[in-house]
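Right, one structure below, let's go through it.
The values are calculated or read from the model by the stated rules, or taken from the named source; none is laboratory data. In this text, all values refer to a predicted model and were calculated from it rather than measured experimentally. Here the Cβ is made from the backbone with ideal geometry for all residues, glycine too, and neighbour counts use every protein chain on show. These area figures cover heavy atoms from the full protein model, side chains too; ligands, DNA and RNA do not enter into them. Shrake-Rupley method; radii C 1.70, N 1.55, O 1.52, S 1.80 Å.
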Amino acid sequence: MTYTHYLLILSMASFLKEGFAQNLTLTSNTTAQPPGCGQDVGFIYFALCDLTAVWGIVLEAVTSLGILCTIVLGLIFMALSPSVARDARKGALALNFLFIFGVLGLFALVFAFIIEPTPTVCIFRRFLFGVLFAKCFACLVAHSVRLNYLALQNRGPGGCLVFFLAIGLFLVEAVINIEWLLITNVRQTIQEIEPFKHPCNITNQDFVTALVYVMFLIVASLVIPCPVICGHYLQWKRQGKHIVLTAFLSLLIWVAWIVMYLYGNERLGHPSWDDPVLAIALSSNAWVFVLFYIIPQLREMTRSGYTYEDDTLNMLKRNSNTPQSIVMENRGFSMDNLDAPEPVNSRQEHGKPVSPYSNYTGLYPTLPLHPGEMETVNPIQVHLPRISMEPWRYHL
């Protein structure tokens with residue numbers, strides 16, 4: 001076991017050493033500086049400042065703005081966290097923090113696809129692309145599972161349980177990527193199958209195949225929240241809609257970049273567009289996460305009315321649809337004047353005396369069903385008949 005670890009460390013060190021050596025060679029051999037880049041800028045960073053490569057500058061600006069917005073939203077989220085009073089909303093705080101860190105990592109990874117590829121850069125690309133996306137979509141899946149419980153019972157699993165569920169889902173992709181790197185590069189170098197295989201020399205089909213588990217998480221985050229939308233709790237229905245919209249837009253982005261990455265660039269005759277396609281996919285999907293999930297989550301944290309869907313407004317609406325006869329009968333019973341003399345026919349039955357408590361039911365007069373009229377109704381005096389020891393005085 002120790003021998004295997006020693007070989008793995010040596011192989012990874014050889015990758016890093018060759019990557020740094022290649023960076024120095026490229027920097028020293030290149031004298032022509034593109035317009036917009038200074039003399040001290042290395043060759044691999046020319047795409048960040050080259051005025052002829054407009055896509056790099058535009059994508060760099062959009063990504064930098066995304067990083068700034070994500071940091072600001074994360075600080076706001078951290079400041080609002082102590083003000084969340086309801087336990088049902090506190091359970092998703094750790095999950096949302098994990099999601100924000102994942103989005104920040106996606107924005108930062110865009111720069112790795114803008115600069116020139118080196119062995120070290122390509123290793124980071126291949127490993128972090130799937131892991132960061134898996135972290136974000138694992139958070140969406142875990143949040144969707146929690147919302148299903150909340151939509152049924154208005155209480156669900158605790159925050160720690162949901163957090164560890166997201167960690168477990170995202171670690172699966174980390175294990176897949178580590179194993180993929182070991183199979184494609186490290187093992188071949190150790191066994192000397194090839195003298196050295198460049199980490200960037202992989203086919204596009206292999207790169208997409210390693211992301212199958214991430215695609216499964218995307219579909220899961222799109223399907224699992226659907227029952228939440230049919231629930232009875234308005235706040236959880238809103239959050240379910242946000243997750244479904246985020247997953248749907250992410251699915252469209254993934255379909256677009258996979259088609260371009262596998263077939264579109266080759267058909268158009270631009271094989272050098274592979275890195276820009278991946279960079280645009282990272283930045284656009286990260287912005288979808290910010291606009292359609294993080295910002296709505298911050299709005300939900302500031303909402304105060306977390307109640308059941310059948311609230312007072314719906315109760316009034318439901319009572320307005322009730323037949324008028326029932327409402328009038330209740331009002332008539334509640335507004336009955338007990339001091340008025342009753343008809344003789346109602347006080348007699350076959351000429352027999354009737355108990356003086358025959359008109360008393362043991363219930364107080366009811367108030368109107370509409371809460372808006374409760375304050376306008378004056379209190380009703382209840383008069384109870386007194387017991388008499390001479391029942392023959394009552395001519396019933």
At a 1.4 Å probe radius, carbon and sulfur cover how many percent of the accessible area of region 210-302?
-> 74
Whole-percent tail of the Cα-Cα distance distribution for region 82-189, cut at 17 Å, equals 60
FRET efficiency for F101 and L65 from the Cβ-Cβ distance with R0 = 22 Å, rounded to 0.05, comes out at 0.75
What does the convex hull of the Cα atoms come to per residue for region 98-141, in Å³?
-> 51
Between V175 and V259, what is the spin-label point distance in nm, taking each point 7 Å from the Cα along the Cα→C-beta axis?
-> 3.5
Ordering 152-158, 212-218 by per-residue average of other C-beta atoms within 10 angstrom, highest first, gives 212-218, 152-158
When the scattering of region 196-263 is computed by the Debye formula from its Cα atoms alone, each counted once and equally, what is log10 I(q)/I(0) at q = 0.11, 0.12, 0.18, 0.28 Å⁻¹?
-> -0.40, -0.45, -0.74, -1.16
Residue by residue through region 235-244, which ³J(HN,Hα) values in whole Hz follow from phi under the Karplus form 6.51 cos²θ - 1.76 cosθ + 1.60 (θ = phi - 60°), with glycine and proline marked x?
-> 5, 6, 5, 4, 5, x, 5, 5, 5, 4
Rounded to a whole number of µm²/s, how large is the Stokes-Einstein D of region 136-275 at 4 °C and 1.567 mPa s, given Rh as the Kirkwood radius over C-alpha pairs?
-> 74
Given the Cα-Cα distance of S272 and I229 and 0.36 nm per residue of separation, how much length would full extension add, in nm?
-> 11.2 nm
Estimated inter-spin distance, L298 and L252, nm [label 7 Å along Cα→Cβ] = 2.3
Vicinal HN-Hα couplings computed from phi for region 272-281 (Karplus, 6.51 cos²θ - 1.76 cosθ + 1.60; Hz; Gly/Pro x) = 7, 8, 4, 5, x, 4, 5, 5, 5, 5
L75-V208 pseudo-label distance in nm [points 7 Å out on the Cα-to-Cβ vector] | 4.1
With only Lys, Arg, Asp and Glu charged, each at its Cβ (+1 for the first two, -1 for the last two), find how big the charge dipole of region 149-291 is about the Cα centre; round to the nearest 20 debye.
-> 820
For region 41-159, with every protein chain kept in place, what is the accessible area per residue (1.4 Å probe, Å²)?
-> 39
Once the principal axes of the Cα atoms of region 55-141 are found, what is the range along each, listed largest first in whole angstroms?
-> 49, 24, 17
